Amino acid sequence: MIKNRLPVRKSLRVLVVGGGLSSEHEVSLKTSKMIVENLDAGKYDARLMIIGRDGKWRFGKNKPVDIGAAVTKISRAKFDFVFIALHGIFGEDGRIQALCEWLNLHYEGSGVLASALAMDKQMTNVVYSANGLPVPAYVVVDERNVKAVKMPFPVVVKPIDGGSSVGISIVKIEKEMTDALKIAFRESRRIMIQKYIEGKEITCGVIEDNEGHPFALPPTEIVPRDAVFFDYHAKYAAGGSSEITPARIPSVQIKEVQKLAIRAHDALGCRGMSRSDFILNKGKFYILETNTIPGMTDASLLPKAAAAAGISFPALLEMIIDAGLKK
């Protein structure tokens with residue numbers, strides 16, 4: 001935990017970090033730029049730093065540097081806060097959070113442990129089950145034992161630690177499995193094969209108030225237009241899906257999924273914000289995953305849900321920063 005909470009000065013020096021090494025690099029670029037553009041210039045002095053696919057760190061138009069030189073530069077610049085806009089590995093998995101802890105820098109969102117737990121779908125499911133959150137049946141495999149797995153079709157094949165639905169396939173018959181495994185193994189050494197549950201896709205964001213208490217935003221119903229599920233194209237392509245907030249479900253189910261989202265947030269130890277995804281099947285919610293750094297693009301779900309609750313994007317960013325300063 002970062003010590004010595006900083007007072008919010010007239011101009012807080014904020015480093016926004018985007019890009020990264022994962023397959024979600026482009027999404028992260030959009031997220032980081034949206035954050036910089038929407039931070040209140042009267043309150044925040046925001047600087048953008050991009051981590052390239054080559055692992056080099058870029059500060060504006062300056063010459064790219066390696067991580068060692070970048071850490072030195074960050075330390076000397078005396079930033080007050082780091083807004084992590086990285087998705088996937090090295091961003092959501094606790095690694096850059098650990099770097100911020102080492103440098104004694106305040107940052108937004110979940111800490112090291114919660115980030116690592118939420119990134120690993122197997123460990124996430126263990127935590128969910130221990131806290132009474134319904135999880136679809138699953139097995140986790142690697143290339144050594146994948147042939148021994150026998151699950152009735154249809155199933156979902158997905159990387160154990162991926163995001164933005166990259167590498168995910170729905171497999172309905174045996175002959176589709178080979179290609180699905182190849183796609184998933186490109187993203188991770190371990191994959192999850194999970195029972196496919198048909199139903200409404202519902203996502204619910206959680207943010208924290210000025211007392212640090214989590215509260216749920218209006219849930220969103222996701223209806224992919226040209227895909228079987230909410231895949232990468234449906235998430236980020238213009239018109240790829242219909243996103244209906246609040247979800248078209250009875251008020252009692254809205255309250256139920258909000259409670260489940262808060263329970264997931266608390267069970268994993270998330271801070272500041274999270275967004276959990278569910279499938280509603282025959283009146284029962286099944287949780288699929290929790291995102292500790294949800295996207296912040298113009299097509300992203302958390303900002304849209306916040307707007308439905310009367311929270312503007314700049315106000316949402318301020319709430320997230322304030323929560324980070326309280327850690």
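Bear in mind that the values in this text are calculations on the coordinates, not laboratory data. In this text, all values refer to a predicted model and were calculated from it rather than measured experimentally. Glycine also receives a Cβ, built like all others from the backbone with ideal geometry; neighbour counts cover every protein chain displayed.
In terms of its C-alpha gyration tensor, the stretch 12-109 comes out rounded, because the ratio a/c of the largest to the smallest axis stays below 1.5. Listed values [x] 21.5; [y] 20.2; [z] 23.8 include one computed from this model; for Kirkwood radius over Cα pairs in Å that value carries the label [y].
Check every DSSP H run in the chain and write down those whose alpha carbon atoms cover 30 angstrom or more along the long axis and whose mean Kyte-Doolittle hydropathy is -1.0 or greater.
Qualifying helices, which must be both long enough and hydrophobic enough, do not occur.
Considering only Leu217, Leu21, Leu260, the mean-square fluctuation computed in a Gaussian network model of the chain, springs between alpha carbons under 10 angstrom, is largest for Leu21. Rounded to the nearest 20, the Cβ-based charge dipole of the stretch 80-169 about its Cα centre (Lys and Arg +1, Asp and Glu -1) stands at 540 debye. Each DSSP beta bridge with both residues in the chain is either parallel or antiparallel, and the antiparallel ones are about 75%.
Within the stretch 101-208, the GluC sites (Glu not before Pro) that combine a DSSP coil assignment with at most 16 other C-beta atoms in a 10 angstrom radius are Glu143, Glu198.
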